[in-house]
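Inspection log for the structure reproduced underneath, given as structure tokens.
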Amino acid sequence: MEKINRINPLYEAVRSSSNRVNKIMIQRDTRNRKVEEIVRLAKAKNIPILFVPKKKLDRLDRNNQGVVAFVSSKEFSSLESILDSSKLPFLVLLDGIEDPQNLGAIIRTAEGAGVDGVILPERRASGLTDAVSSVSAGAIEYIKVARVKNLARTMDVLREKGVWLVGAEGGEKEHWYDFDYNLPIGLVLGSEGRGLRPLLKKKCDMILSIPLLGNITSLNVAAAASIFMYEVVRQRRNRLR
């Protein structure tokens, strides 16, 4: 992932190519009009901003001008463009997936399963880093990824547009195949440690689980995502036969 450490190039990047900017770190107590404009633009475009001590910025880049931004070669897509790309949307919503290995693996499977788009929150999520790209084995170049400010509100928007939201959570009585996926679908997955947050669970139309018959109590989130995604593929392919 590229870094931008100068104020003017960062301003231009936020102004003209904001979908490539993953995160901006700004030195605390900075008094600079151009930096203030960067902050204003970044907030309007849902780009995460962190205000950090000078020492932290210097560890990242000794030649910084009070800013360090992480910029990916992959641009984020808009939610609208993802929804417009299919008459029968197949979406994957991820919350709390901060491990690049897991995100890359999920993106790789999602692309193979024909997912129309992956939706990430601007916080509590890995950026589209070089590690994510590497683990995805190139799949990141072919799939749309949207970054949203508030995942719960996005779920409300999707429901209004007719998308059924199916959450994955262990311990539920109904299983991953106990649903008709021949509908506009958004699969919702949380982090390995915490699972789905209570608010997101409430907004799901259905919560389904994968039964575990051995001694372990949970699956890796990328493995669980694969099982759910390919159930959607199986059902939709069977319907076309």
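Just so it is clear, none of the values below were taken in a lab; they were calculated from the coordinates. These numbers were taken from a predicted model, which means no experiment stands behind them. Quick reminder, even Gly has a Cβ in these numbers, built from the backbone with ideal geometry, and neighbours come from all protein chains shown.
Only helical DSSP H runs with n ≥ 4 go in: add -39500 (n - 2.57) per run for the chain, normalise by residue count and round the 222 nm mean residue ellipticity to 500 deg cm²/dmol.
Result for the chain: -11000 deg cm²/dmol, rounded to the nearest 500.
Taking only the C-alpha atoms, wrap a convex hull around the range 160-230 and report its volume per residue in Å³ as a whole number.
So the per-residue Cα hull volume is 91 Å³.
Enter the Cα centre distance for the pair the range 65-111 and the range 194-213, rounded to the nearest angstrom.
Each part reduced to its Cα centre gives a spacing of 21 Å.
In the range 168-186, which residues have a backbone nitrogen under 14 Å from the label point lying 7 Å from Gln235's Cα in the Cα-to-Cβ direction?
Counting only backbone N, you get 168, 174-186.
Are any of the pairs Lys23/Lys45; Lys43/Lys201; Lys45/Lys149; Lys149/Lys203; Lys74/Lys149; Lys45/Lys144 more than 20 Å apart by Cα-Cα distance, and if so, which?
Going by Cα-Cα distance, Lys43/Lys201 fall outside the 20 Å limit.
Share of Cα-Cα pairs in the range 107-241 beyond 17 Å, in percent?
Counting pairs separated by more than 17 Å, the tail of P(r) holds 62 percent.
For the chain, modelled as a Gaussian network with Cα springs under 10 Å, which listed residue fluctuates most, Pro184, Pro211, Pro100?
Of Pro184, Pro211, Pro100, the Gaussian network model singles out Pro211 as fluctuating most.
Does the range 2-71 classify as rounded, prolate or oblate by the C-alpha gyration tensor (a ≥ b ≥ c root eigenvalues; a/c under 1.5 gives rounded; else a/b over b/c gives prolate, otherwise oblate)?
Prolate shape, in that a/c is at least 1.5 and a/b is the bigger ratio.
Would you mind working out the magnitude of the charge dipole of the range 118-166 relative to its Cα centre, with +1 at each Lys and Arg C-beta and -1 at each Asp and Glu C-beta, to the nearest 20 Debye?
That gives a dipole near 240 debye.
Grab the Cα-Cα distance for Asn182 and Ser16, subtract it from 0.36 nm times how many residues apart they are, and report the gain in nm with one decimal.
Separation in residues times 0.36 nm, less the Cα-Cα distance, equals 55.9 nm.
By how many degrees, between 0 and 90 and to the nearest 10, does the Cα long axis of helix 100-112 differ from the longest principal axis of the chain?
Helix 100-112 sits at roughly 50 degrees to that axis.
Label-point separation (nm) for Lys161 and Leu41, each offset 7 Å from Cα along Cα-to-Cβ?
With each label placed 7 Å out from Cα toward Cβ, I get 2.6 nm.
On average, how much area does the Cα convex hull of the chain cover when viewed from any direction, in nm²?
14.3
At Asp29 and Arg59, where each label point lies 7 Å from the Cα along Cα→Cβ, what is the point-to-point distance in nanometres?
In this crude spin-label approximation the distance works out to 1.9 nm.
Can you tell me the orientation of helix 151-160 relative to the chain, as the angle in degrees between its alpha-carbon axis and the longest Cα principal axis, to the nearest 10?
Helix 151-160 sits roughly 50 degrees off the main axis of the chain.
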